[in-house]
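The values are calculated or read from the model by the stated rules, or taken from the named source; none is laboratory data. For clarity, every value in this text was computed on a predicted model and none was experimentally measured. Glycine also receives a Cβ, built like all others from the backbone with ideal geometry; neighbour counts cover every protein chain displayed. Note: accessible area is taken over every heavy atom of the protein model, side chains too, but ligands, DNA and RNA are not part of it. Shrake-Rupley method; radii C 1.70, N 1.55, O 1.52, S 1.80 Å.
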Amino acid sequence: MALQETTSPKVKRHRIAVGRFAHESNGFNPLVTTENFLLIQRGGELMERASGSTLAGFVQALRDIDAEILPTLSISGAAGGFIAHDTFVKLLSEFLDRVEASKPDAILLELHGAMATTETPDADGWVLSALRERVGPNVPIAVGLDLHAHVTNKMLENSTICIACKENPHSDVIECGLKATRMLVDVLEGRLAPVTTAVRIPMVIPGAGETDAGPLFDIHETARRFATEHQSIEDISIYNVFRCVDDDDMGQVVTLITNGADPSVKQVARTLGAKFWDNRDAFRDNLLTVKEAFALIENGDDQKPYLLADMGDRIGAGAPGDSVVLLSEALDHHPTLSGVLTITDEKNAVRAYEVGTGAEVTLDVGGHITPGFMSRRIAGRVVHISEGEYTLAGPLCGGEIWDMGKTAVILVDDRILVILTSKPTADHDPAVVSSQGIDMSKLDFVVVKSGYHFTLNYRGLGTPVFVETPGVGYYRKGTLPYAKGRFWPEHPIELCELTATTFGVAEARPKTNINKHHGELE
Ligand SMILES: [Zn+2]
């Protein structure tokens, strides 16, 4: 007698591994990034504080569809110098082991996309090729990237989907995570066969990096129009390569993901690429000189404090954060102004921390890391010490706990507060200042070592001013010693013949069954 089937079919939940391996590595910062500088979260810990990030978007989207989330490893932290290669190999090995052990149906990974180690300028490509090798060809991998990624062919060859956030400052990182998840689920449920078409333009943008105005707004607006006009297009990502990468093939990259191969979008990719090249002279910043910035503080009637973006020493772009240029200007030439700034200086931070609050100190601060920088002698009183841990206010990375190591605040001339940190920190967030017991609303200026993102996290707290300062955090033609990168305007590139390359070959899948997000039958 045949057994009768009595069990009803079970709905299979998608089992998705999530992780983050996000570092922006500046090839001209000599301070090597070791494990001590990274924020590392393991397993469930990485979901507890996931907010204000692409990773948080993954988690939110997966919860919405009741997928089984398999948290693996999250590596993040302030941008900085190359990651020590042995640190990278060790963490990658742990990440791969965790992914393999979780036996996922698919993988969601947040990468910055401009990670480099002391041995490879394409650490993101290394991560993705190692991941692909470990999980095999049949597990879809979707990657959410920063739009300042250095997108390499190795990355596109070893992933199923790579998309970027679309805004600078990055106000849409959560949306990027949500979209990458949606696309990945569409792949798992048979609605999307992603094919990527990419075009590379051999140039950096020397300025005008914001997406809400100027030439980038125009390019994104054209991309949005193309996406509406072409049914097959699922995503257009526009990458403005991190300018302090030093690698072959660095340049602007436009990627289009279509559902199935659509040769007609090659022309779309080339058209968007040409808009970069044809408008290359329009990518210029309008920075104030140091003198002009301080004249504005002295004479302006904008909301105080003025938020001085120290463009050359931007920790947000991987500079060490050890410049004293703005400190010296304030101390030597503006005797009535009050302000606050951070300086990365482990030796003096620890020294002041150890002598403690109330002690009078004379220290030669800053200038110990960036090539060509000088230190500055200050004399003052230690007014605050801490272990340097703080919770970012956000929105970008809000809720995450970062750490600047042993930290001491020195009050100089009874008006300038110098925050000495042991490690470079997330200078785009006001919690760096407020966590040290400082009320910035009473000050004339706050120096931030951030070029874009502080305008999000400091919104409403002061008036942004962008200052041209020296350092390895800002691109100026002829000032950084590129060994591998060849690009306009650094090099005399005459011809720009744009080639569109395709990754992945597939037939389009029917876009049906949209509402059934986890309905695969077992
Ligand atoms: Zn970025």
Self-check item: Condition check for residue 192: open to solvent by 10 Å² or more (accessible area, probe 1.4 Å) and either more than 15 Å from the ligand (Cβ to nearest atom) or not polar (S, T, N, Q) (or both)
Solution: no
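What about residue 22, is it under 14 Å from residue 76 (Cβ atoms), touching a residue at least 40 places away in the same chain (Cβ under 8 Å) and under 14 Å from the mean Cα position of the chain (by Cα)?
Spelling it out, residue 22 is indeed under 14 Å from residue 76 (Cβ atoms), touching a residue at least 40 places away in the same chain (Cβ under 8 Å) and under 14 Å from the mean Cα position of the chain (by Cα).
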Quiz item: How many residues does segment 444-465 hold that are farther than 25 Å from residue 53 by Cβ and either within 16 Å of the ligand (Cβ to nearest atom) or open to solvent by 20 Å² or more (accessible area, probe 1.4 Å) (or both)?
Solution: 2
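Within segment 212-229, can one find any residue that is open to solvent by 30 Å² or more (accessible area, probe 1.4 Å), within 16 Å of the ligand (Cβ to nearest atom) and part of a loop (DSSP other than H, G, I, E, B)?
yes
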Exercise. Output the number of residues of segment 22-47 satisfying the condition of being open to solvent by 50 Å² or more (accessible area, probe 1.4 Å), over 18 Å from residue 404 (Cα atoms) and in a helix (DSSP H, G or I).
Key: 1
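Answer yes or no as to whether residue 469 is open to solvent by less than 10 Å² (accessible area, probe 1.4 Å) and polar (S, T, N, Q).
yes
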Exercise. Within segment 106-165, work out how many residues are in a loop (DSSP other than H, G, I, E, B) and either open to solvent by less than 10 Å² (accessible area, probe 1.4 Å) or more than 15 Å from the ligand (Cβ to nearest atom) (or both).
Key: 23
